[in-house]
Amino acid sequence: MGLYHHQAAFLELLFTAAEPLNGSIISNRLNISLKTLKKEIDLLEEVCLEHGCSIQSKAGDGYFLQISDEKAYRPFMEDVQRRVSRSLYYRNEQSERTHYIIRLFLSHGQFLVDDLAEKCYCSSSTINRDLRKVRERLDDTYHLQLIKDRNSGLSVFGSEWLIRMALLNEYRMYNEFDQVILFDEEKINEIFMHNGVYVDMMKERIESVTQSLGYGIPYYAYEDLSLFCIMMITRKKYAALLEESLPWFSEEDLKEEEKVAEELFEDIPGLGWIEISEAERKALAVFLRAKRVIRYHQTFMNLPRREEIMSLADGYIRSLQKKLSLEGVATEQLRRDLCCELWRLQWKSHYHIHTPRYSVIGFSRDGVFTSDFCSDFYNYLKGHMQDRIENSDIYQFYYIFGDFVRKIRETDRKRVLVISGHGFYASRSMANNLGAKTTGHIFEYRPLDYSELSEVNMSEVDAVFTDIDSLKDELNYKPVFDLRYFRLSSMVNTLLQQITDSSYSYSDASFHEDDICYLESVSSLEDIMHYIGENIICSESEKAQFYADMEEKLQFDNLVRAYYYLVFSGWNDYLGETKIKMLFLRKPFEYGHDSISKIIFYNAKDKEPRTIGFIGRKVAALLRQNDLTSVWDKKKDAEEIRKILKN
């Protein structure tokens with residue numbers, strides 16, 4: 001369906017509204033005028049009628065949807081909501097015209113400014129402004145140049161390899177959007193054979209060959225490889241230009257890949273036998289190498305150029321140890337995992353084969369602590385790798401850092417002894433019912449007939465649950481809790497919080513009314529950062545550190561999490577205490593492709609990773625509350641937030 005983003009966002013508001021919505025509220029939410037809103041409603045009426053609904057208005061109340069055909073309406077509603085949540089609608093903005101113009105240059109060749117204006121349905125002055133962004137993206141992202149000829153107009157200049165990488169990336173971005181759009185994309189579709197059946201044929205061929213040769217490629221890489229192979233067919237006349245684009249490898253480097261490349265084009269179902277040149281075979285081998293997965297450190301130790309990768313990984317571990325207190329946390333597995341993935345990243349970045357942003361968009365919306373590691377790693381690599389990396393490339397390390405975060409949390413588990421007077425089976429049942437899967441702690445059981453604890457090293461036990469009164473006195477040097485409370489995981493966790501290091505304990509009672517802020521007028525990210533710096537952070541030195549940290553973090557991540565949230569955090573202590581601050585906006589503002597109405601600022605007291613992880617889990621609990629809204633009453637809002645933090 002050919003909708004722009006703000007049209008789809010308006011429909012989503014109507015989908016979820018329990019009562020009619022006032023036009024002023026809608027226009028404020030979408031950041032458009034009432035006049036524009038009325039025009040959009042007229043345009044949307046036809047689309048709605050085709051899908052079993054219509055936009056109605058009621059004097060004094062507002063707009064609402066009237067459903068006439070539930071079968072037609074339901075899939076329409078679900079599709080619009082899915083696309084809005086993933087930002088899959090065009091916004092008719094400069095950023096999207098920029099990508100369209102780049103695709104025109106890459107697929108068509110040369111254009112005059114007036115020709116571009118006609119194709120984009122806008123003025124020449126608008127195109128000239130867009131071209132500044134086009135030049136910037138071509139240069140910064142694709143290492144290509146936009147050159148001007150007095151007679152023939154503008155065209156892209158650069159190596160054939162870089163042009164193919166740019167084509168692949170831009171096509172993947174375009175292919176994520178709705179196909180029914182205003183712009184003519186026929187030429188780029190021809191380059192990729194209109195996707196569909198030929199891509200599926202190539203996928204089957206790649207899967208068959210790589211599996212028969214035992215060459216490891218992740219399933220998600222098949223489509224990229226298919227599109228790359230199709231370009232070898234449709235851009236055959238430029239094959240000779242590939243040779244000069246591929247330095248920095250030896251025959252030994254690509255021995256396995258060249259064998260795969262040779263077999264891929266021998267007999268493709270539906271396309272037959274296709275002859276490829278030496279340069280094309282090497283190019284495909286390079287692309288295969290960039291997609292290869294190195295799963296085991298033993299495999300990595302047999303690869304060429306491993307010494308510089310090991311140096312990079314060791315350097316990052318040392319930088320982490322300076323930033324965080326990692327005493328007692330094993331880092332060897334993290335080092336091995338980083339080596340395996342860094343080897344692939346270095347190869348990819350050298351040949352400008354980057355991870356598409358859309359394929360990792362969900363990662364930054366999960367795992368607050370894990371995402372902080374990714375951000376820190378990105379900024380480390382920028383200063384230590386010769387080749388340029390994109391921030392989306394770092395999300396390939398998301399699962400590696402996720403595993404490391406889990407290991408950090410494991411070191412924080414409590415060892416708890418359960419001693420019941422009701423016998424062996426009762427003790428064992430209680431311990432097993434609330435074990436590590438439910439509470440995250442380690443429980444051991446001791447029945448009454450084994451109440452002699454000589455075989456237990458009590459110095460290694462953090463707490464005891466028992467119903468034996470005599471033991472409560474005997475073990476008075478340990479935290480001892482009554483076993484009758486040992487029924488619900490929430491109760492156990494509440495009790496065990498009493499023996500948690502106070503430096504990173506943060507309960508629902510720690511959140512106060514003063515931790516809520518209401519912002520009446522915010523129009524940009526800079527406004528929010530300025531507010532936090534001037535009104536929440538007191539020390540001038542901490543304020544400067546906060547601005548520096550956020551500037552560094554923004555180079556990697558846009559700070560958006562979940563629904564309508566921005567999250568500000570860091571590994572530095574800005575407040576001198578562990579805190580969560582909640583900021584509600586009176587009027588949402590557009591940030592990238594998101595509409596922001598809530599901001600979370602959280603601070604950990606020290607550089608202890610358990611502190612950051614603990615408070616991060618509390619923040620994650622808030623992020624899971626998609627329907628959290630403010631009633632603009634601090635007492636009531638604080639009560640609601642405390643309920644969330646308690647659970």
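Quick rundown of the values:
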read-out	value
Any hit, the range 282-304, residues being modelled with pLDDT of 80 or more and surrounded by fewer than 14 Cβ atoms within 10 Å (Cβ to Cβ)	no
Conditions (1) closer than 20 Å to T578 by Cβ; (2) loosely packed, with under 13 Cβ neighbours inside 10 Å; (3) within 27 Å of the chain's Cα centre (by Cα): number failed by K643	(3)
Residues of the range 208-224 satisfying the condition of being within 25 Å of the chain's Cα centre (by Cα), in a helix (DSSP H, G or I) and of a type in the set (A, V, I, L, M)	A221
Single condition T126 does not satisfy, out of (1) under 20 Å from L284 (Cα atoms); (2) at pLDDT 85 or above; (3) open to solvent by less than 70 Å² (accessible area, probe 1.4 Å)	(1)
Residues (under 33 Å from the mean Cα position of the chain (by Cα), at pLDDT 85 or above and either among the aliphatic types (A, V, I, L, M) or open to solvent by 20 Å² or more (accessible area, probe 1.4 Å) (or both)) located in the range 243-281	V260, A261
Test result for K636, in contact with a Leu (Cβ under 6 Å, 6 or more places away or on another chain), assigned to a helix (DSSP H, G or I), at pLDDT 80 or above and not hydroxyl-bearing (S, T, Y)	no
Checklist (1) in a helix (DSSP H, G or I); (2) at pLDDT 85 or above; (3) open to solvent by 20 Å² or more (accessible area, probe 1.4 Å) applied to R97, failing item	(2)
Filter result for S24 (loosely packed, with under 12 Cβ neighbours inside 10 Å and among the hydroxyl-bearing types (S, T, Y))	yes
Failed criterion for L65 (all others in (1) within 20 Å of L21 (Cβ to Cβ); (2) at pLDDT 90 or above; (3) in a helix (DSSP H, G or I) hold)	(3)
Conditions (1) at pLDDT 75 or above; (2) open to solvent by less than 20 Å² (accessible area, probe 1.4 Å); (3) not in a strand (DSSP E or B); number of the one not met by R617	(2)
Any hit, the range 424-432, residues being assigned to a loop (DSSP other than H, G, I, E, B) and either modelled with pLDDT under 75 or buried (at least 18 other Cβ atoms within 10 Å of the Cβ) (or both)	no
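The values are calculated or read from the model by the stated rules, or taken from the named source; none is laboratory data. Small disclaimer: the values here were computed from a predicted structure and weren't measured. Using ideal geometry, Cβ is built from the backbone for each residue, glycine included, and neighbour counts are taken over all protein chains shown. Accessible surface is based on the protein model in full, side chains and every heavy atom, while ligands, DNA and RNA are left aside. Shrake-Rupley method; radii C 1.70, N 1.55, O 1.52, S 1.80 Å.
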